[in-house]
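See structure below.
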Amino acid sequence: PWTTRGFRLSGHEGPSLSVLRRNWEAFRLETELEFSGAANVLWAHKSPLGPDVPKSNATLHERCVTRCRGLRLTRKTWEVFEVGDQPGERESLARGRYSQPPRRLAVECAKDGQHRVLLNGRVVWQGALPVVRGAIGILAEKHSGVAVRRFRVAGQQHAAALAFLYTEALVGAGQDLEHWDEVDSPLFRFGQGAVHKTTGGRAKWNFRGTG
């Protein structure tokens, strides 16, 4: 829907992810938002991007929410988490409850790795984590929506290096997955890729920038 300020992100039959095309190490994020379902604010995001299958009505590949840290909000709870290189490597760092969902939140990461998470101006978690350069973004889970009125990041920006999965290359070239074998192998950068069943085949990644 039309909005004069901010933006909206919705996940219908699957989750929806949006990340800024910049990276940060030390930063302070301040945002004002409302949500239904479950919303996540992500940082230190170094995940590859792409659909789960190279066709219409696809959703996010499970690897799009790896290699990151985040704050998950539901109607009654909050959770700070970290995800490793594989989808199942998710660690809960802290969690709690509230009577009403917060509308203002902040995430701070200092140069020495000290982190703080604030909900409606109150510190709900603080701790030390290794500093990781990565993107900052928002994830709306399945059957969820996020309306963001304000999203401000303070801190030194770095050029972003985005990585894309094989599924993105296949959908970019209009390829049918029936002609490809999906292969799990350490030879692929993220441990999974596709090999054409016969000679030939095309792959095309569409992006803005250099690479």
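Expressed in nm to one decimal, what extension gain is obtained for the pair residue 120 and residue 28 from 0.36 nm per residue of sequence separation less their Cα-Cα distance?
31.6 nm
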TODO: Report the label-to-label distance for residue 177 and residue 161 in nanometres (one decimal), using points 7 Å from each Cα along the Cα→Cβ vector.
DONE: 2.9 nm
Task: Accessible area expressed per residue, the chain, with surrounding protein chains retained (probe 1.4 Å, Å²) - done: 57 Å²
TODO: Quote the relative contact order of the chain in percent (integer), defining contacts as alpha-carbon pairs under 8 Å separated by 6+ residues.
DONE: 30 percent
Open item on the list: For the chain, set up a GNM with springs between Cα atoms under 10 Å and report which of 85, 184, 52 has the largest fluctuation.
Closed with: 184
Open item on the list: Taking 25 Å as the cut-off for C-alpha to C-alpha distance, list the pairs among 55/197; 142/204; 55/204; 46/142; 76/111 that go past it.
Closed with: 142/204; 76/111
Open item on the list: Place a point 7 Å from Cα of residue 184 in the direction of its Cβ. Which residues in the range 88-122 have their backbone N less than 12 Å from it?
Closed with: 88
Task: Gained length - residue 203 relative to residue 98, 0.36 nm times residue gap less alpha-carbon distance - done: 33.1 nm
- [ ] Quick one: net charge around residue 96, please, counting Lys, Arg +1 and Asp, Glu -1 for every other residue with C-beta under 11 Å from its C-beta.
- [x] +3
Task: Length released on extending from residue 4 to residue 21, taking residue separation times 0.36 nm less the Cα-Cα span - done: 3.9 nm
Task: Accessible-area composition of the range 65-113, carbon plus sulfur, in percent [1.4 Å probe] - done: 42 percent
- [ ] Please turn the phi angles of the range 62-73 into ³J(HN,Hα) values with the Karplus equation 6.51 cos²θ - 1.76 cosθ + 1.60 (θ = phi - 60°), one per residue in order, whole Hz, x for glycine and proline.
- [x] 4, 6, 6, 10, 10, 6, 7, 10, x, 10, 9, 10
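The values are calculated or read from the model by the stated rules, or taken from the named source; none is laboratory data. As the structure is a computational prediction, the values presented were derived from the model and not from experiment. Virtual Cβ from ideal backbone geometry, glycine too; neighbours counted across all protein chains shown. Each accessible area value is taken on the protein alone, full model and side chains, heavy atoms only, with ligands, DNA and RNA left out. Shrake-Rupley method; radii C 1.70, N 1.55, O 1.52, S 1.80 Å.
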